[in-house]
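A quick write-up on the structure given underneath.
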Amino acid sequence: MKTSSITILATLFQLCCLPIGQAQTPTEFPDKPVHIVVGTAAGSTGDGMIRLLQNPIGEFFGQPVVVDNRLGAGGIVGTDYGARVPADGYTVTLGSTSTIITSPALNSSVKYRVESFAPIVGLAESAYVIVTGATPDSPRTLADLLDYLRKADGTYGSLGVGAFGHLGAELLLTRAGVQALHIPYKSGHLNDVVSGRLTFAIVTVAEAAPLIAADRLRALAVTSSSRVAGLPDVPTVAQSDAAERYGLSDFRLVVWFGLFAPAGTPEAVIARWHEAAARALGQPEVRERLTSMTLEPTALSPAEFGSLIAKEQPIWNDFIQQTGLKVE
């Protein structure tokens, strides 16, 4: 009896001296359903991408993946919620260049910051395209457009102050040293580009492609580093006739999408999420569907994604500060 007591005490002492996590085998994450917060409506680009990844991620985890659409303020409401959930990995958030970087810089009422999140995986990038109407009098090349804006009063439209189409156009105009009047819309601004009421717009390829195919819009250049599969005949800004004339040889404008956990989420949990998403993005049918949505899969690691954000954040912050752009 005495020997047994000594043995039990010795065993307990050994267990207590083991590092936390070795005294018992933890349940592998996750052991219940996980949630992905999406700050945009069903049918939006971001929502469509997450719906495409939902089942493959769920199969990897062996748990249901619930898509939680929390709408409002251009994605700020959902992103703010995602910053405040417990840092246990059971709720992660779809973020973008707009919601993670530019919205906090533009809007002083936004409470979260880049530092509120831990990057999990860069999912995909989406290029933009500079378009005008397809009328005989509309510019035919990017240099034509900028030459026109240098000499005349031009206009461009976007889906509101601070929208990425607005920021992209201002970045292009600033870099080229020309001006145009911004007219914000709630919707329908491409119709006014088609009619020639607006001089130009910068929109996602997905938005513009049907109107370009129907010869109702003219694509002058895409804003990515390489040509877009859906518009193979359209040059990049760097390949356009305006590159040298207007100092745009390094111009690049893309919006990225990725998954984020609240800051402080365990690295092992982030690694599990990254593996689940990367495997989903590696499936040929998933990549084909994303490409058809004019999205370029990236599958960036947490370190790669964090480096991208660290590189882009000061660029956008400085630009927004220099131009005085604000959203109240």
> Got a sec? How would K326, K311 order by Cβ neighbour count within 10 Å, fewest to most?
Replying inline: K311, K326
> So what's the net charge close to I320: Lys and Arg +1, Asp and Glu -1, counting the other residues with Cβ under 10 Å from its Cβ?
Replying inline: -1
>> Could you identify which residue out of Q283, Q54, Q313 has the top mean-square fluctuation in a GNM of the chain using Cα springs shorter than 10 Å?
In response: Q283
> Summing Lys, Arg as +1 and Asp, Glu as -1, what charge do residues with Cβ under 10 Å from the Cβ of I100 carry, I100 excluded?
Replying inline: 0
> Mind checking the angle between helix 142-151 and the chain's longest principal axis? C-alpha axes, 0 to 90 degrees, to the nearest 10.
Replying inline: 60
> So what J values fall out for the stretch 60-67 if you push phi through Karplus, 6.51 cos²θ - 1.76 cosθ + 1.60 with θ = phi - 60°, rounded to Hz, Gly and Pro as x?
Replying inline: 5, 6, x, 9, x, 10, 9, 8
> Rounded if a/c is under 1.5, else prolate if a/b beats b/c, else oblate: with a ≥ b ≥ c from the C-alpha gyration tensor eigenvalues square-rooted, which is the stretch 238-313?
Replying inline: oblate
>> Quick check: net charge around W256, other residues with Cβ under 10 Å of its Cβ, Lys/Arg +1 and Asp/Glu -1?
In response: -3
> What share of the DSSP beta bridges in the stretch 16-147 is antiparallel, in percent to the nearest 5?
Replying inline: 0
> Rounded if a/c is under 1.5, else prolate if a/b is larger than b/c, else oblate: which is the stretch 127-239, with a ≥ b ≥ c the root eigenvalues of its Cα gyration tensor?
Replying inline: rounded
> When a footprinting reagent is the concern and you count Cβ atoms within 10 Å, what order do Y128, Y81 take, fewest first?
Replying inline: Y81, Y128
> If amide H atoms are built 1.01 Å from N in the plane of the peptide, which residues on other chains or at least 5 residues away come under 5 Å of the amide H of V121?
Replying inline: L259
> So, in the chain, how many Lys pairs have Cα atoms under 28 Å apart, if the pair is 8 or more places apart or on different chains?
Replying inline: 6
>> What are the ³J(HN,Hα) couplings of the stretch 200-210, residue after residue, when phi is run through the Karplus curve with 6.51, -1.76, 1.60 and θ = phi - 60°? Round to Hz, x for glycine and proline.
In response: 7, 7, 10, 9, 5, 4, 4, 5, 8, 3, x
>> What percentages make up the Cα-Cα pair-distance distribution of the stretch 169-210 when the bins are 5 Å wide from 0?
In response: 5, 20, 28, 26, 16, 5, 0
>> Nearest 10 degrees is fine. How inclined is helix 302-323 to the longest principal axis of the chain, computing both from alpha carbons?
In response: 40
> What order do you get for I270, I202 when you list them from fewest to most C-beta neighbours inside 10 Å?
Replying inline: I270, I202
> Quick one: Karplus J couplings for the stretch 81-88, per residue in order, coefficients 6.51, -1.76, 1.60, θ = phi - 60°, nearest Hz, x for Gly and Pro?
Replying inline: 4, x, 6, 9, 6, x, 7, 10
>> I'd like the orientation of helix 2-17 relative to the chain: the angle between its Cα long axis and the longest Cα principal axis, in ° from 0 to 90, rounded to 10.
In response: 20
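The numbers here are math on the coordinates, done by the rules we state, and not lab data. Not measured: the values here are computed from a predicted model. Counting neighbours? That spans all protein chains shown, and the Cβs are built from the backbone with ideal geometry, glycine included.
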